[in-house]
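What follows is a single structure, written as C-alpha cells, with notes after it.
The values are calculated or read from the model by the stated rules, or taken from the named source; none is laboratory data. Worth saying up front: this structure is predicted, and the values here are computed from it rather than measured. Here the Cβ positions follow ideal geometry from the backbone for every residue, glycine too, while neighbour counts run over all protein chains shown.
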Amino acid sequence: MERFEFWANPMNRLNRPKPIVAASIGSYGAFLADGSEYRGNYDLTLIELMDFHQPRLAVLANYSD
C-alpha cells in the first residue's frame, strides 16, 4: 500500500504523524528494465532474489547522517 493511500483512510491518521518514506530500493524487475517489475516474473529463486537485494539493504542499514 502506498503512503498516500494509507493516509487517505481517516482511521490511519489517529494519534500518529504522517508517514514518510525513508528509503526505497525498488524491485528487481526495475533493475532489469524489461517490464518485469509489473509482472513479478523474475525467473529467480528466493535465495537469488535475497542475494541481489542484500547489498542494497546493507547500505541503508549502515547509513547515518
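Annotations for the structure displayed:
- Residues satisfying the stated conditions in region 19-36, i.e. surrounded by 10 or more Cβ atoms within 10 Å (Cβ to Cβ), under 26 Å from Asn62 (Cα atoms) and of a type outside the set (A, V, I, L, M): Pro19, Gly26, Ser27, Tyr28, Gly29, Phe31
- Checklist (1) out of contact with any Lys or Arg (no Cβ under 7 Å at 6 or more places or on another chain); (2) modelled with pLDDT under 80 applied to Val21, failing item: (1)
- Test: residue in region 34-47 that is part of a helix (DSSP H, G or I) and at pLDDT 90 or above: yes
- Test: residue in region 5-23 that is of a type in the set (Val, Ile, Thr) and assigned to a helix (DSSP H, G or I): no
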